[in-house]
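Quick note: the coordinates plus some simple rules give every number you see, no bench work behind them. Note that the structure is predicted; figures quoted are calculated from it, not measured. Here the Cβ positions follow ideal geometry from the backbone for every residue, glycine too, while neighbour counts run over all protein chains shown.
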Amino acid sequence: MDYEITNEITTEEYMKLRELVGWKLFPLEQAEEALKHTAYLCCLKKDGKTIGLVRVLWDYGYVVYIADVIVRSEFQGQGLGRVLMNNAMDFIKSQLKPGYKVMVSLMAAKGKEEFYKKFDFVERPSEKYGCGMCQWMEGVPVAKVSKIQEKQKRVIGTLDGIASFYEADGGKITMEEFLGMDEVEK
């Protein structure tokens, strides 16, 4: 199959690809930030349309996360996922200094575990590793955020190891008062 390899994708193309494979969608602004903070991006394009991508996140210390491996369903089973993963793994290896080690992690889509084992990923849980975990979080309504931000104006300080909490207006409250508040109030 003929395809172009590139490291460019628009936010709209990225979200369309997610939609086509049935993955969660989120606001374009959020997707734009995600792409902006990607350490490595490899896209496959055919006739000008994106048919697959891999996205790597990295703290450039020891943590690497393969966030997305996406191939449009009509192009699956043609070795494109392998091309994407080989590109991602080659990029990661090329960035390592002698003696450096990194933990490369990913969350396999259900039924894709065997594919990733071909790249030496270990299924979890195992005798050596506990179960991987994840959580989708959603932002709270603006009114609730405003209330939380107002309460965050409190300053936490210590004096001789004793915690002190102060209201934005300078009034002091006790630890018990602080701990007794609802999370939204804190």
> Tell me, what is the FRET efficiency for Asp120 and Leu28 to the nearest 0.05, using R0 = 41 angstrom and their Cβ-Cβ distance as r?
Replying inline: 0.70
> How big is D, in µm² s⁻¹, for segment 1-90 by Stokes-Einstein at 37 °C and 0.692 mPa s if Rh is the Kirkwood radius over C-alpha pairs?
Replying inline: 246
> Residue-wise, which Karplus ³J(HN,Hα) couplings in Hz belong to segment 53-64, taking 6.51 cos²θ - 1.76 cosθ + 1.60, θ = phi - 60°, and x for glycine or proline?
Replying inline: 7, 10, 10, 10, 10, 8, 8, 6, x, 10, 10, 10
>> I'd like the FRET efficiency for Lys36 and Ser73, computed as 1/(1 + (r/R0)^6) with the beta carbon distance as r and R0 of 22 Å, rounded to 0.05.
In response: 0.20
>> Could you give the length gained by full extension between Met103 and Met133, i.e. 0.36 nm per residue of separation minus their alpha carbon distance, to one decimal place?
In response: 9.2 nm
>> On a 29 Å Cα-Cα criterion, which of the cross-link pairs Lys46/Lys101; Lys49/Lys97; Lys93/Lys128; Lys24/Lys101 come out too long?
In response: Lys46/Lys101; Lys49/Lys97; Lys24/Lys101
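So which chymotrypsin sites (Phe, Trp or Tyr not before Pro) in segment 24-102 pass both tests, a DSSP loop state and at most 12 other Cβ atoms within 10 Å of the Cβ? Can you show the working numbers first?
On the way: sites: Tyr40, Trp58, Tyr60, Tyr62, Tyr65, Phe75, Phe91, Tyr100; in loops: Tyr60, Tyr62, Tyr100.
Here the chymotrypsin sites (Phe, Trp or Tyr not before Pro) that fit, given the DSSP loop and packing criteria, are Tyr60, Tyr62, Tyr100.
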> Using the Cβ atoms and a cut-off under 15 Å, what net charge is assigned to the surroundings of Val83, where Lys and Arg are +1 and Asp and Glu are -1?
Replying inline: +2
> Short version: ³J(HN,Hα) in whole Hz for each residue of segment 86-94, in order, from phi by Karplus 6.51 cos²θ - 1.76 cosθ + 1.60 (θ = phi - 60°), x for Gly and Pro, what are they?
Replying inline: 4, 4, 5, 5, 5, 4, 4, 4, 5
> Between their Cα atoms, which of Lys45/Lys110; Lys16/Lys36; Lys16/Lys112 are more than 19 Å away from each other?
Replying inline: Lys45/Lys110; Lys16/Lys112
